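Worksheet: the structure to be examined is printed underneath.
The values are calculated or read from the model by the stated rules, or taken from the named source; none is laboratory data. Since this is a predicted model, take the numbers as computed values, not measurements. Cβ coordinates were reconstructed from backbone atoms using ideal geometry, including for glycine residues, and neighbour counts include every protein chain displayed. Only protein heavy atoms, including side chains, enter the accessible area calculation; ligands, DNA and RNA are left aside. Shrake-Rupley method; radii C 1.70, N 1.55, O 1.52, S 1.80 Å.
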Amino acid sequence: MDQWVKSSIPLQMHRGCIIASFQLDLDEKNLKLFRQELLSSIVEHNNLKGIIFDLSGLEIIDLVDFQGIKSIISMIKLTGFETVISGLKPAVVSSLILMDADVDDLNAALNLDEAYVILDNINRLKL
Amino acid sequence: MDDFTRNAQQLCELYGITEQDTNYIHQLKDTALKALPGMIESWYNWLKSTPEFFEYFADTNTLERVQRMQLGFWEQFFDADIDGDYVKSRRKVGEVHARIGLSQEIYLAGVDHFLSLFVEMLGTLDWSHSDLNLARRALNKMVHMDMTIIVQSYENIVNQKITAQSKTLMAMSTPVTQIWDGILLLPVVGLIDSRRAQDIMDNTLDQISNHNAQSFILDISGVAVVDTAVANHLIKITKATRLMGCECIISGLSPAVAQTIVELGIDVGTIKTTSNLKAAIQIAFNKLNMKIVKQ
């Protein structure tokens, strides 16, 4: 039965990147499921440019969720890929900064287009 | 509007105005109405000696209208029919005073003037001593209640004005403008405290998302003091813009500011800073793969 439980965060491939669209507010169980799905789909692909977290659907991110997202990003980094988060809302950013969240060494983009550009730049530097 | 004051019944309880009191006031009505035109006359004679008179009532038409309104005001007072409409009309008086900017001083002096004339008027009646005392007490209570309602609504209007003004000031103090496609500029002038830093941040983030900006230049050449607190605010703003996917460049760092920042041991991390606006614009253009060409 557990095999059929999926997180509510859809994953899709586009232009060599995995795009994860966060549409619902997060909870711990969901994040854990998502983490497993994402990491296993990363290792399935070769020729992957990177991962984009589209967070534009989130109205609220608390520190725990943020920490969860950050730890997923570190895990992805261990598999050798870069992650860009895109489309954060002004109010979300404002509240994260207000809560003194550690936002250093995160790649962020205004929208998906910019996220591709950032990933391309990072990949070019690696070569 | 309605939740800041008591209603008519609560006001009566507050001032202990009973039916007996309103009866006394009502009995005075005929005598008072006869005396009122004279009283108003005497009040305006006094008012003529103040500078306010020429500011508000110099025009004959205005003066007549105001006097008529005053007569109506006291007529209603001696009807002593304290209900919602009565309280409403008193509030209206306070609002009008606040709108035209008539000082509370003049209004309170006026009330005192009339009250003393009413007490004088009581002396001309052939009532018993205890009746006169009770009537005087009733007058006092009523006048004070009127004053409360009027002063309260006056203050309310003035407060509304102040709130509106400070909002305007706030919006004016963070003028984030787009100077090129994808480049925003905010010149900060004056002091940065935590409240203002928060305003700057919120406003900036909104503008970034509205304009899809990729570079944001924060010009601090007009900021007088940059201490640890201010530097921390600036660092927070840069972090926030970066989280939106927009690069932040701080321009206008004077030699003095550069020295204090290093002397205070503030770690500005990876924040891009320049001494003048030109260099900052150059960085922004480079990032967007654009350049300005002389024709």
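Here are the numbers:
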| item | result |
| --- | --- |
| Straight-distance crosslink candidates among lysines, where the alpha carbon sits under 22 Å from B:Lys161 and sequence neighbours closer than 8 are dropped | B:Lys88, B:Lys92 |
| Loss of accessible area when A meets B, both sides summed, Å² nearest 100, probe 1.4 Å | 1500 |
| Amide proton proximity set for A:Val84, modelled H, under 5 Å, gap of 5+ | A:Ile51, A:Ile52, A:Phe53 |
| Equivalent ellipsoid semi-axes - Cα gyration tensor, the stretch B:177-288, angstrom | 21, 15, 12 |
| Protein-protein interface of the stretch A:95-127, residues with accessible area decrease of at least 50 Å², isolated chain reference, 1.4 Å probe | A:Ile97, A:Ala108, A:Leu110 |
| Positive dipole terminus of the protein assembly as shown, leading residue within B:Asn140, B:Gln198, B:Val268 (C-beta point charges) | B:Val268 |
| Nonlocal amide H pairs with B:Glu247, under 5 Å, H built at 1.01 Å | B:Ser215, B:Phe216 |
| Modelled FRET efficiency - R0 41 Å, B:Phe285 with A:Lys6, Cβ distances, 0.05 increments | 0.35 |
| For the stretch A:11-126: Kirkwood Rh in Å [reciprocal of mean 1/r, alpha carbons] | 14.4 |
| Residue-normalised accessible area of chain B, expressed per residue, 1.4 Å probe, Å² | 55 |
| Share of alpha-carbon pairs per 10 Å distance bin for chain B, given as whole % | 5, 21, 19, 10, 9, 13, 13, 7, 2, 0, 0 |
| Viscosity 0.890 mPa s, temperature 25 °C, Stokes-Einstein D of the stretch B:1-90 from Kirkwood C-alpha radius, µm²/s | 162 |
| Note, ³J(HN,Hα) from phi for the stretch A:20-25, Karplus 6.51, -1.76, 1.60, rounded to Hz, x at Gly and Pro | 10, 9, 8, 10, 10, 5 |
| Under the Karplus curve 6.51 cos²θ - 1.76 cosθ + 1.60, θ = phi - 60°, whole-Hz ³J(HN,Hα) for the stretch B:53-58, x wherever Gly or Pro sits | 4, 6, 6, 10, 10, 4 |
| Fluctuation leader among B:Phe77, B:Phe54, B:Phe118 - chain B, Gaussian network, Cα springs under 10 angstrom | B:Phe54 |
| Pairwise FRET efficiency - A:Asn46 versus B:Glu105, Cβ, R0 = 60 Å, nearest 0.05 | 0.10 |
| Solvent-accessible heavy-atom area per residue, rounded to whole Å², over the stretch A:11-126 at 1.4 Å | 51 |
| Given charges at beta-carbon only (K, R positive; D, E negative), |dipole| of the protein assembly as shown in Debye | 1680 |
| Under 5 Å, built H, 5+ apart or other chain: amide partners of B:Val176 | none |
| Residue-wise HN-Hα coupling along the stretch B:277-293, computed from phi with Karplus coefficients 6.51, -1.76, 1.60 (Hz; x: Gly, Pro) | 5, 4, 4, 5, 5, 4, 4, 4, 5, 4, 4, 8, 6, 10, 8, 8, 10 |
| Number of partner chain Cβ atoms within 10 Å, mean per residue of A:86-92 | 5 |
| Cα-based convex hull volume of the stretch B:232-295 per residue, rounded to whole Å³ | 85 |
| Efficiency of FRET from Cβ geometry, B:Ser173 and B:Phe73, R₀ 60 Å, rounded to 0.05 | 0.90 |
| Share of pairwise Cα separations in the stretch B:8-169, more than 22 Å, in percent | 46 |
| Listing of the stretch B:178-216 residues, each with accessible area lower by at least 10 Å² in the full protein assembly than in the chain alone (probe 1.4 Å) | B:Gln198, B:Met201, B:Asp202, B:Leu205, B:Asp206, B:Ser209, B:Asn212, B:Gln214 |
| Distance violations [Cα-Cα > 26 Å] among A:Lys77/B:Lys291; A:Lys70/B:Lys236; A:Lys29/B:Lys239 | A:Lys77/B:Lys291; A:Lys29/B:Lys239 |
| 222 nm mean residue ellipticity, helices alone, for chain B (DSSP H n ≥ 4; -39,500 (n - 2.57); rounded to 500) | -23000 deg cm²/dmol |
| Surface share of carbon and sulfur [accessible, 1.4 angstrom probe, percent] for the protein assembly as shown | 54 |
| The protein assembly as shown: translational diffusion in µm²/s, Stokes-Einstein, Kirkwood Rh over Cα pairs, 20 °C, 1.002 mPa s | 77 |
